[in-house]
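Asks: Before anything else, here's the structure in question.
The values are calculated or read from the model by the stated rules, or taken from the named source; none is laboratory data. Keep in mind that what you see is a predicted model, and the values were worked out from it rather than measured. Cβ coordinates were reconstructed from backbone atoms using ideal geometry, including for glycine residues, and neighbour counts include every protein chain displayed.
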Amino acid sequence: MAETFLFYDIETTGLSRAFDQILEFAAIRTDEGLAEIARFSSRIRLRPDVIPSPAAMLVNRMRMTDCLSGRSEYDALREIHAELNRPGTVSIGYNSIGFDDEFLRFAFHRNLLPPYTHQFANGCRRMDLFPVTLMYWLYRRDLLRWPDANGKPSLKLEEIGAANDLFSSPSHQALADVEAALRLTRLLFKDRPMWQYLDGCFRKEVDARRIEELPAAFSSPAGEHRLALLVAGELGTRQRFQAPVVALGASIPYPKQSLWLRLDTPALRACRAETIPESTWVFRKRAGEPGILLPPIARYLEALEADRREELEKNLAWIRSQPALFEAIAGHHRRFRYPFIPGLDPDAGLYQTGFWSRADEALCRAFHAAPAAEKALLAERFAHPEAANLARRVLFRNFEEALSPELIRARELHIRRICDPAPMSDFNGRPRTTPAAAVAEILRLKAAPDLDEAGRRILDELHDHITGRFGGLPTAAADS
């Protein structure tokens with residue numbers, strides 16, 4: 001099957017994957033040689049239960065009049081889902097796996113669409129231009145001009161774009177960022193062997209084979225423990241985005257995740273059985289996804305500072321001398337399971353809820369195909385209570401004209417729960433923004449001396465929207 005690349009970007013109301021929403025989606029589809037085939041964009045209307053982040057609105061410079069126009073989230077997400085799931089699609093953006101893709105997964109989940117199929121079904125897969133660009137910065141710098149920000153290298157798309165004339169309009173607009181990402185890719189594409197190697201890092205079978213080919217540092221009763229150099233954005237510029245790691249094995253509750261112990265920190269040798277969580281740093285890796293694992297050959301290891309290479313050797317020797325403790329370290333991390341969060345809101349429940357039953361999956365398909373009046377009847381037939389709750393939310397968020405008194409009451413209870421001073425939390429324990437917190441942030445931002453007049457108008461409009469939409473509602477229990 002011939003592949004096509006779908007370069008895409010989103011602009012959102014904030015950073016919360018569970019509680020914020022996409023306001024703008026843009027994409028450019030290309031062939032395998034990066035020639036443009038088609039463009040796609042959608043502006044999405046602000047949902048009635050979303051409180052935009054004031055800081056995010058200042059970044060994307062969107063006025064409330066723009067936010068309150070456009071398509072419903074439900075209609076837009078169904079079309080976006082179809083684009084990402086077109087057979088042979090490689091969806092790609094800048095830091096897309098770390099942010100945009102997770103945002104989309106939660107949006108799909110919230111709208112009863114399959115959240116993962118674009119990652120594996122019908123020849124579809126994902127790439128991420130950010131770790132690819134990291135690799136060019138490390139090993140092929142001559143292809144681009146690399147910006148510095150306050151004396152430190154910057155790998156932000158807007159700054160790389162400015163240094164290399166990639167933007168034809170301001171950044172932080174979805175289509176402008178997509179065009180810049182595509183122009184950046186065409187520059188990187190000039191080193192075709194490098195691009196093809198990195199493309200393999202996002203092919204599950206290729207990446208898994210490369211991992212199996214890494215050399216074993218030592219063996220234990222659990223098997224061979226392979227040595228690698230990990231390249232990952234979270235390691236930061238001070239670490240040159242790299243760290244030596246050794247494999248601990250696969251996670252037991254999440255068997256598609258392999259676990260990699262960092263080897264360049266002196267804290268590791270201070271580890272004891274009772275201090276494993278705070279003394280060890282472990283990366284979780286899925287085949288075909290970041291980070292990028294490189295073989296521990298001199299060409300790559302020499303990029304590490306001498307003191308980090310020395311720590312690597314000391315830690316390897318220490319591990320070999322502590323087989324029982326190493327087994328305890330590996331066992332701790334391999335058995336780790338994310339804690340169950342009681343009372344987690346359905347919008348945040350993607351990872352905890354898991355997959356719907358086959359019957360509920362079939363009901364989702366019927367729900368999407370049904371006219372609005374029939375959707376309400378189907379919403380009550382879901383076996384899983386969270387699926388039923390999400391179906392009701394789809395209706396009262398997107399189908400104002402078809403709401404029964406029961407759905408209107410459910411919407412009121414949901415809005416009142418959002419207004420509660422004790423905020424609900426997402427899957428990471430981060431609180432949802434309350435109206436009071438958003439208003440307090442607006443007042444703080446308006447006091448900044450460098451706020452321009454356009455930014456002040458954005459904040460004033462947002463203040464009026466929040467106080468008008470949420471200001472007078474009492475608190476109550478959430479819908480169940």
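Asks: Say whether the condition of being among the charged types (D, E, K, R) and either closer than 25 Å to T133 by Cβ or assigned by TED's automatic domain parsing to the domain that holds P131 (or both) is met by at least one residue in segment 267-283.
Replies: Checking segment 267-283: not a single residue is among the charged types (D, E, K, R) and either closer than 25 Å to T133 by Cβ or assigned by TED's automatic domain parsing to the domain that holds P131 (or both).
Asks: Test L378 against the criterion of being of a type in the set (A, V, I, L, M, F, W, C), outside any loop (DSSP other than H, G, I, E, B) and free of Cβ contacts under 8 Å to residues at least 60 places away in the same chain, and give yes or no.
Replies: So L378 passes the test.
This table checks each residue for (1) of a type in the set (K, R); (2) modelled with pLDDT of 95 or more; (3) surrounded by fewer than 23 Cβ atoms within 10 Å (Cβ to Cβ).
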{"site": "P54", "(1), (2), (3)": "no, yes, no"}
{"site": "V59", "(1), (2), (3)": "no, no, yes"}
{"site": "G93", "(1), (2), (3)": "no, yes, no"}
{"site": "P115", "(1), (2), (3)": "no, yes, yes"}
{"site": "C124", "(1), (2), (3)": "no, yes, yes"}
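Asks: Can you pull out the residues in segment 360-380 that are more than 25 Å from the chain's Cα centre (by Cα), surrounded by 12 or more Cβ atoms within 10 Å (Cβ to Cβ) and of a type outside the set (D, E, K, R)?
Replies: L363, A366, F367, H368, A370, A372, A376, L378, A379
Asks: Helices (runs of 4 or more DSSP H) wholly in segment 1-112 with at least 3 residues that are within 21 Å of D464 (Cα to Cα) and assigned by TED's automatic domain parsing to the domain that holds C124 - which ones?
Replies: Qualifying helices (runs of 4 or more DSSP H): 54-60, 64-67.
Asks: Another question about this same structure. In the set R145, R105, R140, which member is surrounded by 14 or more Cβ atoms within 10 Å (Cβ to Cβ) and either in contact with a strand residue (DSSP E or B) (Cβ under 8 Å, 6 or more places away or on another chain) or over 20 Å from Y8 (Cα atoms) (or both)?
Replies: Values: R145 fails: surrounded by 14 or more Cβ atoms within 10 Å (Cβ to Cβ); R105 fails: either in contact with a strand residue (DSSP E or B) (Cβ under 8 Å, 6 or more places away or on another chain) or over 20 Å from Y8 (Cα atoms) (or both).
R140 is the lone residue from the list that is surrounded by 14 or more Cβ atoms within 10 Å (Cβ to Cβ) and either in contact with a strand residue (DSSP E or B) (Cβ under 8 Å, 6 or more places away or on another chain) or over 20 Å from Y8 (Cα atoms) (or both).
Asks: I would also like to ask the following. So, in segment 65-87, of the ones that are among the charged types (D, E, K, R) and out of contact with any Cys (no Cβ under 8 Å at 6 or more places or on another chain), which residue ends up surrounded by the most Cβ atoms within 10 Å (Cβ to Cβ)?
Replies: E73
Asks: If you go through segment 381-403, how many residues are of a type in the set (G, A, S) and without any contact (Cβ under 8 Å) to a residue 24 or more places away in the chain?
Replies: Qualifying residue count, segment 381-403: 1.
Asks: In segment 69-104, which residue that is acidic (D, E) and within 19 Å of the chain's Cα centre (by Cα) is nearest to A27 (Cα to Cα)?
Replies: At the first step, the residues of segment 69-104 found to be acidic (D, E) are 73, 75, 79, 83, 100-102.
Within this subset, residues satisfying the condition of being within 19 Å of the chain's Cα centre (by Cα) are 73, 83, 100-102.
Numbers: E73: 17, E83: 9, D100: 12, D101: 13, E102: 17 Å.
The residue in question is E83.
Asks: Among the residues of segment 287-310, are any aromatic (F, W, Y), at pLDDT below 95 and at negative phi?
Replies: Yes, segment 287-310 has at least one match.
Asks: Could you check segment 428-462 and list, in sequence order, the residues that are more than 30 Å from D345 (Cβ to Cβ) and among the aliphatic types (A, V, I, L, M)?
Replies: Matches in segment 428-462: A447, A448, L451, A454.
Asks: Another question about this same structure. Report whether or not I341 is modelled with pLDDT of 95 or more, surrounded by 15 or more Cβ atoms within 10 Å (Cβ to Cβ) and either of a type in the set (S, T, Y) or within 20 Å of R284 (Cβ to Cβ) (or both).
Replies: Numbers: modelled with pLDDT of 95 or more: no; surrounded by 15 or more Cβ atoms within 10 Å (Cβ to Cβ): yes; either of a type in the set (S, T, Y) or within 20 Å of R284 (Cβ to Cβ) (or both): yes.
When the stated conditions are applied, I341 does not pass them.
Asks: Of all residues being part of a helix (DSSP H, G or I) and among the basic types (K, R) in segment 381-403, which is farthest from the chain's Cα centre (by Cα)? Just the residue, please.
Replies: If we take residues in segment 381-403 being part of a helix (DSSP H, G or I) and among the basic types (K, R), then R392 is farthest from the chain's Cα centre (by Cα).
Asks: Out of the residues in segment 177-202 that are over 19 Å from L155 (Cα atoms) and without any contact (Cβ under 8 Å) to a residue 24 or more places away in the chain, which is surrounded by the fewest Cβ atoms within 10 Å (Cβ to Cβ)?
Replies: So, considering only residues that are over 19 Å from L155 (Cα atoms) and without any contact (Cβ under 8 Å) to a residue 24 or more places away in the chain, the one surrounded by the fewest Cβ atoms within 10 Å (Cβ to Cβ) is P193.
Asks: Let me ask something else about it. Within segment 285-297, is even one residue touching a residue at least 24 places away in the same chain (Cβ under 8 Å), exposed (fewer than 15 other Cβ atoms within 10 Å of the Cβ), of a type outside the set (A, V, I, L, M) and over 26 Å from S96 (Cα atoms)?
Replies: no
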